[in-house]
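K.L.:
The structure that follows is given in the form of structure tokens.
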Amino acid sequence: MYVVLVTYTAPLTEIDYALPDHVEWVAKQYDHNHLLASGRRDVHLGEVLIVRPMSRLKLDAMLAADPLALAHLAHYEVTEFAATRTCPELRMLNEAIPH
């Protein structure tokens, strides 16, 4: 599983222009069952994506297709972790529990 910190690297006017395409990209990631949660972090600083377990190569390809990445408007910091304790709603992602 991954936590991805998206940090905007361009003026907000450029970010705002690209956001509709980015929002569509995020929706597609939910449609493909890749994302568990997403949202803005601090006002206009960037976003947080919580991504289901997948190969790092697949994640990198997914992030590279984000319109913010394609337009060089954001930086992505990826932290991988193994969920070993979760709330009941995320039990299927708990890597310490055999499934």
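The values are calculated or read from the model by the stated rules, or taken from the named source; none is laboratory data. Since the model is a prediction, treat every value here as computed from it, not as a measurement. Every residue, glycine as well, gets a Cβ built from its backbone with ideal geometry; the counts of neighbours run over all protein chains shown.
K.L.:
Given the criteria modelled with pLDDT of 95 or more and in contact with a Phe, Trp or Tyr (Cβ under 8 Å, 6 or more places away or on another chain), does residue 5 qualify? Lay out the reasoning, then the answer.
P.N.:
On the way: modelled with pLDDT of 95 or more: yes; in contact with a Phe, Trp or Tyr (Cβ under 8 Å, 6 or more places away or on another chain): yes.
For residue 5, the condition - modelled with pLDDT of 95 or more and in contact with a Phe, Trp or Tyr (Cβ under 8 Å, 6 or more places away or on another chain) - is met.
K.L.:
Can I ask one more? Do you know which of the residues in the stretch 20-49 that are of a type in the set (Asp, Glu) and under 19 Å from residue 7 (Cα atoms) is modelled with the lowest pLDDT? Walk me through how you get there before you give the answer.
P.N.:
Keep residues of the stretch 20-49 that are of a type in the set (Asp, Glu), which gives 21, 24, 31, 42, 47.
Remaining after also requiring under 19 Å from residue 7 (Cα atoms): 21, 24, 42, 47.
Details: 21: 98, 24: 98, 42: 84, 47: 96.
Ranking the qualifying residues of the stretch 20-49, first place goes to 42.
K.L.:
Of the residues that sit in the stretch 78-99 and are among the β-branched types (Val, Ile, Thr) and modelled with pLDDT under 80, which one is farthest from the chain's Cα centre (by Cα)?
P.N.:
Residues of the stretch 78-99 that are among the β-branched types (Val, Ile, Thr), as a first pass: 78-79, 84, 86, 97.
Filter once more, so that each one left must be modelled with pLDDT under 80: 86, 97.
Numbers: 86: 19, 97: 24 Å.
Among those residues, the one meeting the criterion is 97.
K.L.:
If you don't mind, there's one more thing I want to ask. Select, from 85, 91, the only residue that is part of a loop (DSSP other than H, G, I, E, B) and out of contact with any Asp or Glu (no Cβ under 8 Å at 6 or more places or on another chain). Reasoning before the result, please.
P.N.:
Details: 91 fails: part of a loop (DSSP other than H, G, I, E, B).
Among 85, 91, only 85 is part of a loop (DSSP other than H, G, I, E, B) and out of contact with any Asp or Glu (no Cβ under 8 Å at 6 or more places or on another chain).
K.L.:
While we're here: Within the stretch 20-53, track down each residue that is exposed (fewer than 15 other Cβ atoms within 10 Å of the Cβ) and under 11 Å from residue 68 (Cβ atoms).
P.N.:
21, 23
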